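Contents: one structure, followed by commentary.
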Amino acid sequence: MRFVFKTTYDADINLFKHKTQMGYYFALFAAVLALPLYFVWTGNPYLLGEITAVLIFAIVGMGLMLLTGQTGLASLGHAAFMALGCYSNILLLNAGVPWLIAFPLAGLIAGVVGTVIALPVLRLHGVYLALATLALSIIAGDIIVLLEAYTGGVSGIAVPDISIFGYEINKYANPYAFYYVVLAVVFIIALLYRNLLRAPTGRSFSAIRDSEISAQAMGINPTRTKAKSFFLSCVAAGLAGSLFGHSATYITHETFDLVMSITLLLMIVIGGLGFIHGAFLGAVVVGLIPVLIANGRSLLATTFGININIPGLESAMFAAILMGFILFEPMGLYGRWLKVRTYFELFPFYRKDMFRRQKSYLKTERVQ
Amino acid sequence: MDFIQLIVSGLASGCVYGLIALGFVLIYKATEAVNFAQGDFMMIGAFICLGLTNQDFWGLNFWLAVPIAIVIMAVLGYLFDWGVLRFMFGQSQVSIVILTIAVGFILRFAAGTIWSHEPVSLETPFAGRDISLGGVVLGFDEIAIIIVTLLLTLALFIFFSRTKLGMAMQASSQNQLAAYYMGIPVKRIQSLVWALSGAVAAVAGILFASKGAIDPSAGLLGIKAFAAAAIGGFGSLPGALVGGLIIGLVEPLSARYGAPGFSQIAPYGILILVLVFRPGGLFSQTQKKKV
């Protein structure tokens with residue numbers, strides 16, 4: 001284990017803990033930049049499309065992570081905010097707004113509308129936010145159908161291509177350029193996220209999560225802080241929704257449904273609540289599981305002659321995996337990695353309860 | 001006349017929503033956790049009763065099957081708390097919310113695998129019979145639903161405010177640590193609450209299935225019950241029922257008199273309106289925590 005000898009207070013909040021860590025992240029950055037080269041070499045960019053999809057989910061994952069992991073609020077309606085961003089983006093593009101303006105504007109619209117809706121609920125207990133966003137997620141599809149004149153309703157709407165200073169980017173015609181666009185957004189959001197956590201705002205989010213009352217005693221306004229977190233989270237969802245639309249090229253009222261909202265929540269829990277890495281790991285898992293299930297199914301069919309075709313099996317397996325994580329590894333995949341790493345770093349002094357959290361006893365906010 | 005029939009059928013479905021909402025509120029009152037799988041508990045309860053009575057399955061007597069189904073659901077509720085939730089004791093509520101959502105998916109899958117995904121109807125002795133009151137034809141099932149719901153709510157209300165166990169449940173919800181100090185076995189109390197809520201879910205399911213067909217995705221009805229519980233103000237038993245009735249009445253009326261496509265949104269629209277203008281619900285029990 002490396003012990004960093006801290007000589008300034010800044011050492012606590014530096015972007016990287018030490019030089020080696022910085023080296024790792026720069027290596028990772030170089031690797032993702034160079035990744036398309038591999039696909040140019042093989043000449044089959046199919047897998048790159050999958051990786052791009054994972055990155056898009058990582059964007060909304062980071063948004064939800066900020067809300068759920070850092071601030072401790074659960075949203076069951078992030079698919080609705082993705083839809084909001086996606087449709088705003090399409091309408092702005094169709095109105096002739098350049099993509100470079102329409103795209104951030106779409107995120108902003110999702111953020112503002114989401115915050116306005118959530119503001120009254122944010123004053124209450126976190127459960128109410130889950131409820132209100134759940135309701136929003138359910139009626140989103142119906143509202144899209146009602147606004148058929150703008151959204152195309154049931155028949156759907158085509159998503160225009162990205163155009164940056166006359167350079168057209170389409171997922172199928174130019175997968176490499178699309179990958180870099182998504183990567184740029186991921187990079188910017190990840191950097192902002194990381195920096196936010198070092199700033200007072202981000203630290204007040206964690207304070208709210210750990211104890212609202214203590215946070216209040218430290219002079220933090222809980223409602224305003226929660227609203228900030230929700231706004232940033234919705235902006236990320238709106239941006240991811242826009243990119244998702246460009247990636248799907250055609251969307252209907254069923255694209256962003258309740259199952260998607262729940263999948264997003266599942267994603268960050270599996271990845272590891274409260275870790276920015278968790279958003280990425282969760283996105284990888286969520287992207288991978290359908291492929292694994294399909295492969296497993298065909299393997300069973302070809303080698304053992306067993307045909308498993310039970311409707312609903314996939315979502316049940318998703319749910320079972322989720323339950324397993326919550327019960328046995330609440331810190332998610334990234335938490336497991338931290339434990340494994342600590343085990344080797346401290347060998348042989350690792351203790352079983354090193355990561356155990358203090359349990360909290362329940363007190364109601366209701367008056368009886 | 002038409003209007004009255006609409007009202008009565010709205011009241012009947014409102015009662016079912018109210019009963020599911022009662023299940024949430026019970027759990028919320030006692031453990032401060034929200035069970036997003038309550039609708040699926042209701043669905044499973046209905047399917048257990050249906051599997052016992054219907055001629056296609058076991059063909060037991062209806063009056064024998066109902067208590068068996070209720071007991072099975074109560075045991076399932078107890079076991080769920082004992083076997084799963086107890087491991088999460090002291091963890092954040094967000095994890096419990098996510099966990100119950102996952103459980104809902106698994107229950108839906110289990111019901112679909114065991115009893116098929118086709119909608120089936122429960123064979124009850126009072127199916128298809130109706131009473132005519134001054135020109136208004138009322139279904140026997142609808143009246144039964146309303147009466148059973150009222151009785152159950154009353155019984156639960158008395159249970160919570162008068163009996164020792166009910167008081168213990170309230171105490172353990174208000175302050176777990178203090179309840180421990182007072183010698184209340186908080187963990188067992190919580191399991192008992194889950195059992196009670198399972199039983200209520202079974203009753204709701206049986207009533208729902210006797211009124212119309214049920215299929216595994218009927219558990220999604222639980223979301224409407226959520227709206228009901230939130231409208232009534234989480235944590236209030238009468239509030240849950242009133243919220244359920246409001247949702248139940250709004251649905252047929254908006255379908256009848258509102259614009260097309262409006263009736264699906266109406267319940268949730270009301271929920272969002274209530275949360276915006278009266279965030280604690282109609283029978284609010286929350287107040288700002290003082291530092």
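Quick notes on this one:
- Neighbourhood charge, 14 Å Cβ-Cβ cut-off, centred on A:ALA118 and excluding it, Lys, Arg +1 and Asp, Glu -1: +4
- Relative packing of peptides B:182-192, B:239-249, A:215-225 - highest average C-beta neighbours within 10 Å first: B:239-249, B:182-192, A:215-225
- Estimated from helical segments only, the mean residue ellipticity of chain B at 222 nm is -24000 deg cm²/dmol, where each DSSP H run of four or more residues counts as -39500 (n - 2.57).
- Counting lysine pairs in chain B whose alpha carbons fall under 22 angstrom apart, excluding pairs fewer than 8 residues apart on the same chain, gives 8.
- In order along the range A:241-249, the phi-based Karplus estimate (6.51 cos²θ - 1.76 cosθ + 1.60, θ = phi - 60°) of 3J(HN,Hα) comes to x, 4, 5, 4, x, 4, 6, 7, 6 Hz; Gly and Pro are listed as x.
- Summary of packing: across the peptides A:242-251, A:15-24, A:334-343, A:127-136, the per-residue average of other C-beta atoms within 10 Å ranks them, highest first, as A:127-136, A:242-251, A:334-343, A:15-24.
- Prolate/oblate/rounded label for the range A:17-353 (Cα gyration tensor, a/c 1.5): rounded
- Inter-chain neighbour count for A:134-147: the average number of beta-carbon atoms from partner chains within 10 Å of each residue's beta-carbon is 5.
- Average beta-carbon neighbours from other chains, 10 Å sphere, peptide A:121-130: 6
- Here the Kirkwood formula puts the hydrodynamic radius of the protein assembly as shown at 26.5 Å, using every distinct Cα pair.
- ³J(HN,Hα), Karplus 6.51/-1.76/1.60, whole Hz, each residue of the range B:99-105, x for Gly, Pro: 4, 5, 4, 4, 4, x, 4
- Averaged over residues, the count of other Cβ atoms within 10 Å places the peptides B:160-166, A:74-80 in the sequence A:74-80, B:160-166, highest first.
- Net charge over other residues, Cβ less than 12 angstrom from the Cβ of A:MET331 (K, R count +1; D, E count -1): +3
- The range A:102-194: translational diffusion in µm²/s, Stokes-Einstein, Kirkwood Rh over Cα pairs, 37 °C, 0.692 mPa s: 200 µm²/s
- Inter-label distance for A:TYR9 and B:LEU220, nm, one decimal - labels placed 7 Å from Cα along Cα-to-Cβ: 5.4 nm
- Distance between the range A:334-350 and the range A:190-263 - C-alpha centres, whole angstrom: 30 Å
- By the Stokes-Einstein formula, at 1.306 mPa s and 10 °C, the range B:201-250 with its Kirkwood radius over alpha-carbon pairs has D equal to 140 µm²/s.
- Phi angles of the range A:125-141 translate, via the Karplus equation with coefficients 6.51, -1.76, 1.60 and θ = phi - 60°, into HN-Hα couplings of 5, x, 4, 5, 5, 4, 5, 5, 6, 4, 4, 4, 5, 6, 7, 4, x Hz per residue; Gly and Pro are given as x.
- Chain B, Rg to Rh (Cα coordinates; Rh as Kirkwood inverse mean 1/r): 0.97
- The relative contact order of the range A:199-330 comes to 14 percent, based on Cα pairs under 8 Å that sit 6 or more residues apart.
- Dipole axis of the protein assembly as shown (+1 Lys, Arg; -1 Asp, Glu on Cβ), positive-most option in A:LEU91, B:LEU50, A:LEU129: A:LEU129
- Pairwise Lys count, chain A - Cα closer than 30 Å, eight or more residues apart or different chains: 18
- Per the Kirkwood formula applied to alpha carbons, the range A:1-117 shows a radius of gyration over Rh ratio, Rg over Rh, of 1.08.
- Note on the range B:154-263: Cα-only Rg and Dmax are 17.4, 57 Å.
Every number here is computed from the coordinates shown, using simple stated rules; none is lab data. In this text, all values refer to a predicted model and were calculated from it rather than measured experimentally. As a convention, Cβ positions derive from the backbone with ideal geometry for all residues, glycine included, and neighbour counts pool all protein chains shown.
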